[in-house]
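Enquirer: I'd like to ask some things about the structure below.
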Ligand SMILES: Cc1cc2nc3c(=O)[nH]c(=O)nc-3n(C[C@H](O)[C@H](O)[C@H](O)COP(=O)(O)OP(=O)(O)OC[C@H]3O[C@@H](n4cnc5c(N)ncnc54)[C@H](O)[C@@H]3O)c2cc1C
């Protein structure tokens, strides 16, 4: 019997498997995607926090091609108010890093496949979860029956394991779609990221290697459909008109991808011999690029809890241990969900009253250095109890 079974070999499941294997645990990981297929980009350029950087560095997964962010320029898009966050605000270290999704997945998978104590079942879909008093049992569509004291659901936002465990989910939709693509531009990005909170929805550019930046534009679904149907030239003109000339003239350098946006928050992160991590445990609006960052903090916390229990020879799926994990994660997840939701609601409105509230808020943050620093540190994942892998 393995020590843990992880369902989902994506970014969080893969990272968790390798981190636990490093601490000596026997790990089974199951994913429905064929590992022999080439890993292709899904268009996303992940903005990663300092805590994510630390986790990947410690696990030798950090891609050297990552682009540091040294300034974030946020603007209201309507009123002439903006806040600039500088690396100098936090002692000169980058505010974050941008990594291409396919590159990151390749780095993680390389480490997973190199670990002798990880058994990778793929392509295989999980079709059944059963929990007994002393172990969890998983059945795959390939006929394997696998058991371990603990099963971990890293199977993404539509988690089957979460559904089978009947964990209630609070869910709401923004009726927004995120349009994701890359642009080259006339002016260098100089490692700057831009977040324009437009009334139609947030539009963000993050720096990529060379003279390229990645766009995430979250916009009403109907408007997104119109934008996606435009010719390349017409689309570029629309982006240019909404974003302005901060990066000079823009040129589309990739295809366009579309992601419907929902928030899903399960009421519990645990059940009998089951723990949730990553998007299975929380799906946020990508307004501030935090979903994966928070998921990686789930991973780092669970590694702390499980590695300690393993070294003491304790039951890895016991209720007390799982309760500890849940307690340690709840505040971070709930505060991030509320913050992201507040951002979207405050900024995605044409109301004059809300425009005033925004204006006051911008003024307060701009002129209050401790508050500004606290906001940066929160986004960097450096507040509260920081698990070992996420520490500097
Ligand atoms: C437009 C957009 C931009 C974003 N930008 C950022 C950003 O800048 N920064 C950031 O931190 N976050 C960002 N996010 C969030 C981030 O993409 C997610 O949080 C992250 O990808 C979740 O990873 P995961 O491994 O938990 O889930 P997933 O990537 O969904 O992986 C789930 C895995 O489980 C497998 N699986 C599912 N069901 C089964 C089954 N039954 N049997 C076997 N395998 C199964 C799947 O094949 C998959 O490999 C963004 C999200 C969006 C939509």
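Enquirer: In whole Å and largest first, what semi-axes does the C-alpha gyration tensor of segment 1-158 yield when each eigenvalue is scaled by 5 and square-rooted? Show your work: numbers first, answer last.
Expert: Details: eigenvalues 264, 55, 47 Å².
After diagonalising the Cα gyration tensor, the semi-axes are 36, 17, 15 Å.
Enquirer: Next question, about the same structure. Distance between Cα centroids, segment 283-346 to segment 111-126: provide it in whole Å.
Expert: So the two Cα centres are separated by 23 Å.
Enquirer: Right, next: Cα-Cα pairs above 19 Å in segment 276-341: how many percent?
Expert: 34
Enquirer: Name the residues of segment 319-335 whose amide N is less than 20 Å from a point 7 angstrom out from the Cα of residue 272 along the C-beta direction?
Expert: 319-326
Enquirer: Averaged over every viewing direction, what's the projected area of the C-alpha convex hull for segment 37-99? Give it in nm², one decimal, please.
Expert: 6.2
Enquirer: Here's another thing I want to ask about it. In the chain, what % of DSSP beta bridges are antiparallel (nearest 5)?
Expert: Given both bridge residues lie in the chain, the antiparallel proportion sits at roughly 75 percent.
Enquirer: Taking the chain on its own, what percent of its Cα-Cα pair distances exceed 33 Å?
Expert: 31
Enquirer: Exposure proxy check: 172, 217 ranked by fewest other beta carbons within 10 Å? Don't skip to the answer; put the middle values down first.
Expert: Working: 172 10, 217 26.
Result, fewest neighbours first: 172, 217.
Enquirer: Moving to a separate point now. Counting pairs of Cα atoms in segment 184-252, how many percent are more than 18 Å apart?
Expert: Result for the distance tail: 35 percent.
Enquirer: Separate question: Take every Cα-Cα distance within segment 212-263, group them into 5 Å bins from 0 onward, and report for each bin the whole-number percent of pairs it holds.
Expert: 4, 17, 31, 27, 14, 5, 1
Enquirer: With the contact rule set at Cα under 8 Å and sequence spacing of 6 or more, what percent relative contact order holds for segment 187-283?
Expert: Answer for segment 187-283 is 18 percent.
Enquirer: Per residue, what volume in Å³ does the convex hull of the Cα atoms of segment 125-241 enclose? Display every interim value, and only then the final one.
Expert: Values: hull volume 22.7 nm³, N = 117.
It is 194 Å³ per residue.
No lab work stands behind these numbers, since they all come straight from the coordinates. Keep in mind that this is a model prediction, so the values were computed, not measured. Ideal geometry is used to build each Cβ from the backbone, glycine not excepted, and the neighbour counts take in all protein chains shown.
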